[in-house]
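Please read the structure below before turning to the comments.
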Amino acid sequence: MSRKIRMGMVGGGIGAFIGGVHRMAAAIDGQIELVCGAFSSNPEKSKASGKEFFLPEDRVYGSYAEMMEKEKQLPEGERMDFVSIVTPNHVHYGPAKMALENGFHVVCDKPLCFNMEEALELEKLVKETGLIFALTHNYTGYPMVKQAKAMIKNGDIGKVRKVVVEYPQGWLSTKLEDSEQKQASWRTDPKRSGIAGAMGDIGTHAENLAEYITGLEITEMCADLTAFVEGRALDDDGNVLLRFDNGAKGILHASQISAGEENDLNIRVYGEKGGLQWHQMEPNTLVVKWLDQPKQVLRTGVGDLYPSAQSHTRIPAGHPEGYLEAFASIYRNFAHCVRARITGEAVDPIYEDFPTVSDGVRGMRFIDRVVYAGSSEEKWVKF
């Protein structure tokens, strides 16, 4: 197959933050090209965005419904192979559902959708169609995150006992949404964000990272959620106690009012023989602490790392593998799977490593249960 995988995009027009991130990440490995899009619910803005992205005028659409219908009519190899959905939460389900129903693979920004009902419907559609669905929990794409996962799976630190995962930010320490700042505006609006604020936006990243690295599943939780900023409709801070399916215990903290913090997602996992520590703001480093040996510092691209870490390392040691590269790992792996599906060839299992619709369902269940737990008189709530 001598062509790139063809991407259509829903959302992400001029001025949108996450759309630009997705376009850059998809392009990094040279496997994917943007061929069409419905970049805004405003047709004129969508057309202007398409011009900015150097797309043919007839491949820029006024709505995602129009895009699905017209792209489906094009010959295979000319039409898009998949759609990337980069809209606010309440506009994930519609285009994802229509894409699947019309035979297109899907990449969707997190969280999966607006509510649990939509999540289960999308999971059902993916199973019925057999199409490929990737969810961009991008932090799973870092080489040192994959090294940590491989070490735990291999039993290097023994049975996991304790998980501490945190995602503090400070950007919503004031009522920024009143200034009509776009990112703050939709994230704090229940009609667009859903039933959770910080927990839906970044708490789901913490939940996903904890389950991805450990290979465990959360079974119960005890939660305390707060909206500290007066007049804010959704939580901006939360503290959660966790129980996992192997008996391990955990703590999850997510906050957008931790003044002065940037994007300090971090995780510590402690097993019977040692512990692991990783910080997103220093992503090339994985600290390993042993019960009976000196501390180790593992670095991306240095030494004998597990194949999953090595295969997701693009550049020589000492050059930071960053946010865009982590995003790009999801797009690259997804592209390899789509290419294999088109050609009928087998895909290397190492490229099947990306979050799926089922991870999205767990994320939506986390949102649903943590909000319930935060308002319930019950001490422990089933996941």
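Every read-out reported here was derived from the displayed coordinates using simple, explicitly stated rules and does not represent laboratory data. Owing to the predicted nature of the structure, the values given are computational and were not obtained by experimental measurement. Counting neighbours? That spans all protein chains shown, and the Cβs are built from the backbone with ideal geometry, glycine included.
Using 28 Å as the Cα-Cα cut-off, could you pick out the over-long pairs in Lys124/Lys182; Lys149/Lys382; Lys146/Lys191; Lys47/Lys97; Lys110/Lys146?
Lys124/Lys182; Lys146/Lys191
Output the 0 to 90 degree angle, nearest 10, between the alpha-carbon long axis of helix 43-52 and the longest principal axis computed from the alpha carbons of the chain.
Once rounded, one gets 80 degrees.
Quick check: Cα centre of the range 292-334 to Cα centre of the range 1-57, how many Å?
Here the answer is 28 Å between Cα centres.
Give me the net charge for the shell around Leu286: Cβ to Cβ below 15 angstrom, other residues only, Lys and Arg +1, Asp and Glu -1.
On the way: positive: Lys146, Lys149, Lys153, Arg268, Lys289, Lys295, Arg299; negative: Asp156, Glu282, Asp304, Glu321.
That works out to +3.
Quick one: net charge around Glu128, please, counting Lys, Arg +1 and Asp, Glu -1 for every other residue with C-beta under 11 Å from its C-beta. Intermediate results must be reported in sequence, preceding the final value.
Values: positive: Lys124, Lys127; negative: Glu101, Glu121, Glu123.
The answer is -1.
Using the number of other C-beta atoms within 10 angstrom as an exposure proxy, rank Asp109, Asp201 with the fewest first.
The order, fewest Cβ neighbours first, is Asp109, Asp201.
Within the chain, what's the longest run with no trypsin sites (Lys or Arg not before Pro) in a DSSP loop and at most 11 other beta-carbon atoms within 10 Å? Give the range, please.
Looking at the chain, 4-294 is the longest stretch - no exposed trypsin sites (Lys or Arg not before Pro) with at most 11 other Cβ atoms within 10 Å.
For Glu378 and Ala227, what is the calculated FRET efficiency with R₀ set at 25 Å and r taken between the beta-carbons, to the nearest 0.05?
After rounding to 0.05, the efficiency reads 0.75.
Just the C-alpha atoms of the range 319-383: what Rg/Rh do they give, with Rh taken as the Kirkwood radius?
Values: Rg = 18.0 Å, Rh = 14.8 Å.
Rg/Rh for the range 319-383 comes to 1.22.
If the reach is capped at under 20 angstrom between alpha carbons, list the lysines near Lys379, excluding any in the same chain fewer than eight residues apart.
Partners found: Lys162, Lys249.
Can you tell me what the convex hull of the Cα atoms of the range 5-131 projects to on average, as an area in nm²?
On the way: hull surface 28.9 nm².
That works out to 7.2 nm².
Grab the eigenvalues of the alpha-carbon gyration tensor for the chain, scale each by 5, take roots, and send me the semi-axes largest first in whole angstrom.
33, 26, 19
Mind jotting down the distance between the C-alpha centroids of the range 107-130 and the range 275-289, whole Å?
A separation of 32 Å, based on Cα centres.
I need the calculated FRET efficiency for the pair Glu78 and Lys175, taking r as the beta carbon distance and R₀ as 51 Å, to the nearest 0.05.
Given R0 = 51 Å and the Cβ-Cβ separation, E is 0.60.
For the residue pair Glu52 and Glu128, what label-to-label distance in nm results when each label sits 7 Å from Cα along the Cα-to-beta-carbon direction?
3.7 nm
Treat the count of other C-beta atoms within 10 Å as a stand-in for reagent exposure and order Glu378, Glu262 from fewest to most.
Glu378, Glu262
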